[in-house]
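Shown next, in structure tokens, is the structure this report addresses.
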Amino acid sequence: MNILVLGSGGREHAFVKAFSTESDVDRLYCAPGNGGTGLEAVNVPLNILDNAAVLNFVEQQNIDFTLVGPEAPLAKGLVDYLQAAGRRVFGPGKLAARLESSKLFTRRLLEKYKIRQPRYIACTNADQVRAAADSLGFPLVLKADGLAAGKGVFICNTSAEFEPALHNLLEGENSAAASGRISVEECLTGEELSVFAICDGTRHILLNSAQDHKRVFDGDLGPNTGGMGAYSPTPLSTGKLLQQVSAEIIEPVLQAMRQEGCPFRGILYVGLMISSGQPFVIEFNVRMGDPEAQVVLPLLESSLLELCFNAAGGDLKNARVSVSPKTAVTVVLTSEGYPGKYAKGFPIRGLESVPEGQLYHAGTLRLGDTVVTNGGRVLNAVGFGSDLESAIHNAYEIADKIEFNGKFYRSDIGQRGVNYLKGKQND
Ligand code: AMP
Ligand code: GLY
């Protein structure tokens, strides 16, 4: 088979690496790719938001299977476009992608089908948002309806935090993402985890769970980022909890989407808060997480390609997954200043000293024999271990082998999981 992976982050490098080891693969392409994907695949300078350009490449190169990494092309209807031309592609169509591209679509769907979520009020102007805040009380959460690269969510503990957030969503930085639609939500407290399900429209199969670290600084301080690190699996995800999430959330959502006329085929990222012992849906994404892919995918021992290819064809009937019992941790190495302004183009040293399979590239560019920084999130150091603590230790060993100007990373990735386990031991 000839395979095309779309995207340029650590997540896409993790897909490319997994696919590159499969015996069924003849030619492997990544568009646009990065300094790492170029080693295992052929990087192609395609604009992945241009549906016609992608189809053109797929036809010219006889691509048998396309995997879409990020959400933007999904929300633009790339999957519908390729499918209409008879091409096999994995990811939801535009209407099913609303599970991520519209927070209010998701909230209404979950309400209609009685799936557990925080209380929420849909608002379209400032007066409605203020009235909703009076009714729900502080703390509360304000969310832009549309895609905001993780920056459209505001936790407001007091009215002093509420007014600037409201301004940001209606007139400021995220007004385009909100387009006048805001979800005002009860602020739940508890432990968070993410569960990933490969879905064929009807059936689903779970991969490992994971925990992301969204804030830029240690102790979950500072602004939100795309993700500064992750570990998988999380100690929260017992077999019982996963069964409950499958039966009470994922299965009903897949059925609801069929009933609404937009069956979901793709990877469903279920963001959960465990509050009062029950899982509540905080958000859905319609793709694998980044950096969660960098810890979930390497632990998969069975074929990732077979799973994605069969799900894309609507046939997970006989699917099985086999997962390593190990724990994986990734530490994201960023450019100083990220998620704000940062400089690019610094040479990266130490890449050759990292053992195979323990480094995924993101914002990197290969210039001849040198690899230079080319983005905010630059590299993902991945560690493995028989438990969380040893995987953390191993991931930081890899992180310390790499050097570039302005290298920054959090030093507490996985610590919450370690504390949770210690708390349980002391119970
Ligand atoms: P989201 O982009 O929807 O995942 O939101 C980003 C982060 O905000 C989540 O990972 C949670 O930590 C937090 N969050 C979002 N919605 C809620 C909520 N209703 N209650 C508590 N925390 C929330
Ligand atoms: N790491 C969070 C996300 O991929 O949305």
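None of the figures in this text is laboratory data; all of them are computed from the coordinates on show. As the structure is a prediction and not an experimental result, all values here were calculated from the model. Backbone-built Cβ (ideal geometry, glycine too); neighbour counts: all protein chains shown.
Between residue 187 and residue 240, the modelled label-to-label distance comes to 3.1 nm, taking each label 7 Å out from Cα in the direction of the beta carbon.
Along each principal axis, taking the top coordinate minus the bottom one, the Cα set of region 74-189 gives 53, 33, 23 Å in descending order.
Ordered by the number of other Cβ atoms lying within 10 Å of each residue's own Cβ, fewest first, 21, 37, 327 fall into the sequence 21, 327, 37.
Over region 374-419, the Kirkwood radius and the radius of gyration, each from Cα atoms, give a ratio Rg/Rh of 1.00.
The GluC sites (Glu not before Pro) of region 215-307 that meet both conditions, a loop assignment by DSSP and at most 15 other Cβ atoms within 10 Å of the site Cβ, are 301.
By the helix-only formula, in which each DSSP H run with n ≥ 4 contributes -39500 (n - 2.57) and the sum is divided by residues, the chain has a 222 nm mean residue ellipticity of -8500 deg cm²/dmol.
Taking each residue as 0.36 nm, the span from residue 353 to residue 124 lengthens on full extension beyond its C-alpha to C-alpha distance by 77.1 nm. Each listed q (0.22 Å⁻¹) maps to a log10 I(q)/I(0) for region 311-396, found by the Debye formula over equal Cα scatterers with no solvent: -1.00. Ratio of Rg to Rh for region 183-321: 0.97 [Cα atoms; Kirkwood radius as inverse mean 1/r over pairs].
If you plug the beta carbon distance of residue 278 and residue 369 into 1/(1 + (r/R0)^6) with R0 = 60 Å, you get a FRET efficiency near 0.65.
Among the GluC sites (Glu not before Pro) in region 169-211, those placed in a DSSP loop whose Cβ has at most 11 other Cβ atoms within 10 Å are 171. Roughly how many Å is it from the Cα centre of region 190-209 to that of region 133-189, as a whole number? Region 190-209 and region 133-189 have Cα centres separated by 27 Å. Taking 7 Å steps out from each Cα toward its Cβ at residue 387 and residue 426 produces label points 1.6 nm apart.
The GluC sites (Glu not before Pro) of region 346-427 that meet both conditions, a loop assignment by DSSP and at most 11 other Cβ atoms within 10 Å of the site Cβ, are 356. Comparing mean-square fluctuations of 266, 363, 340 from a GNM of the chain with C-alpha springs under 10 Å, the top value falls on 340.
Using only Cα atoms, locate the centre of region 396-426 and the centre of region 314-349, then give the distance between them in Å, rounded to an integer. Between the Cα centres of region 396-426 and region 314-349 lies a distance of 14 Å. If the chain linking residue 158 and residue 218 were pulled fully straight, counting 0.36 nm for each residue of separation and taking away their Cα-Cα distance, it would gain 19.3 nm.
Here the chain was treated as a single set of alpha-carbon atoms; its pair distances binned every 10 Å from 0 give 5, 22, 32, 28, 12, 1, 0 percent. Note on residue 302/residue 42: beta-carbon distance plugged into 1/(1 + (r/R0)^6) with R0 of 25 Å gives a FRET efficiency of 0.45. Using 0.36 nm per residue and subtracting the Cα-Cα separation, the extra length available between residue 411 and residue 179 on full extension is 79.8 nm. Between residue 62 and residue 26, the simple spin-label model (points 7 angstrom out along Cα→Cβ) gives 0.4 nm. Ranked from largest, the principal axis spans of the Cα set of region 4-97 equal 33, 24, 21 Å.
For the chain, relative contact order (Cα pairs under 8 Å, six or more residues apart, normalised by length) works out to 16 percent. Among 367, 272, 297, the residue with the largest mean-square fluctuation in a Gaussian network model of the chain, with springs joining Cα atoms closer than 10 Å, is 367. Largest GNM mean-square fluctuation among 132, 75, 381, using the chain with Cα springs under 10 Å: 132.
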